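The values are calculated or read from the model by the stated rules, or taken from the named source; none is laboratory data. The model shown is predicted, which means the values in this text are computed figures rather than measured ones. Because the Cβ atoms are built from the backbone with ideal geometry, glycine has one as well, and the counts that use them run over all protein chains shown.
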Amino acid sequence: MQIAPSLLSADFGSLDRDIEMVNESDAALFHLDVMDGRFVPNISFGFPIIEAVSRKARKPLDVHLMIVEPDKWIDRLASIPGVEYMNVHLEACTHLHRTVQAIKAAGMKAAVTLNPATPVCLLEDIVADLDMVLLMSVNPGFGGQKFITRTLEKTRALRRLIDSTGSKALIEIDGGVNLQTGRQLAEAGADILVAGSFVFSAADPKATIAELARL
C-alpha cells in the first residue's frame, strides 16, 4: 500500500522536522491540502508553503486543491519542482475534461477528487484519462473526522469502473484512515491511503507509516 502523509496535520512550527520524517519513512508521497475558504469552510495554505515543502521533500508531491476555479493555478503549480499530481474536485470543475487535459499538458499527472455524496458513475466518461481518483471518506475541510463507512462500497465500485474501462488510475482515499479502516480499504481495492492525524499524532510516526504501508 502506498501512503501519503497529509501535511495538514503536521506541526507547522517544526515543519522541517516533519518533512524530514516523511522523507525518511516508508511513505510514497507528500499530500498537501490547499483550502480557500470558499469551496470548503476552512483556509489552509497556498503556494509559499508548497514551494517551501518542495525544496525539502525528497518524495513527490500530491497537491489536493479544495478550491474554486482550480484551472487558474495549473501553470503556477506545474512550475514547482516535485509536484507530481494536481488533484482537483469534480464538483469545482465546470469543464472537467478540459481541466484534465490542461493538467497533463502542463506536465503533471491528473487526479480528480469526489466528495462523499458524489457518485462514482459521474467519472465514466473521464476515468480512462485519469492518473488517480481520490475518494473523500470524510467531508473536506477539516482533519480528524470520522471515516464514512459507505466509502468502502464506493471504493469497490470505483475499482470495478477502473478495471472495466482499462483505466490506469490509482485509487486514493482521504479521511479517517487508521489501521482498521486502512485494512478494509486495501481489501476494497485502494492503492494509496492519505493519513494525517493518525500519523502525526502517533508516538512514532515513522513506525505508523510503516504499519500502514504493510496493509
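Structure notes:
- Residues (out of contact with any strand residue (DSSP E or B) (no Cβ under 6 Å at 6 or more places or on another chain), surrounded by 15 or more Cβ atoms within 10 Å (Cβ to Cβ) and under 18 Å from GLN184 (Cβ atoms)) located in segment 134-150: VAL138, GLN145, PHE147, ILE148
- Matching option when the condition is more than 26 Å from GLU20 (Cβ to Cβ), of a type in the set (Lys, Arg) and part of a helix (DSSP H, G or I), among LYS154, LYS206: LYS154
- Residue selected from segment 75-89 under the condition closer than 17 Å to ASP129 by Cα and in contact with a helix residue (DSSP H, G or I) (Cβ under 6 Å, 6 or more places away or on another chain), by the criterion surrounded by the fewest Cβ atoms within 10 Å (Cβ to Cβ): VAL88
- One residue from VAL194, VAL199 being touching a residue at least 12 places away in the same chain (Cβ under 8 Å), in contact with an Asp or Glu (Cβ under 8 Å, 6 or more places away or on another chain) and either outside any loop (DSSP other than H, G, I, E, B) or closer than 24 Å to CYS93 by Cα (or both): VAL194
- In summary, helices (runs of 4 or more DSSP H) completely within segment 1-93 and bearing 1 or more residues that are farther than 17 Å from VAL199 by Cα and among the hydroxyl-bearing types (Ser, Thr, Tyr) occur at 47-56.
- Screening the candidates GLY189, GLY175, GLY166 for the property of being modelled with pLDDT under 95 and closer than 24 Å to LEU130 by Cα yields one hit, GLY175.
- In summary, ARG160 fulfils each of the numbered conditions (1) charged (D, E, K, R); (2) under 26 Å from LEU8 (Cα atoms); (3) free of Cβ contacts under 8 Å to residues at least 60 places away in the same chain with the single exception of condition (2).
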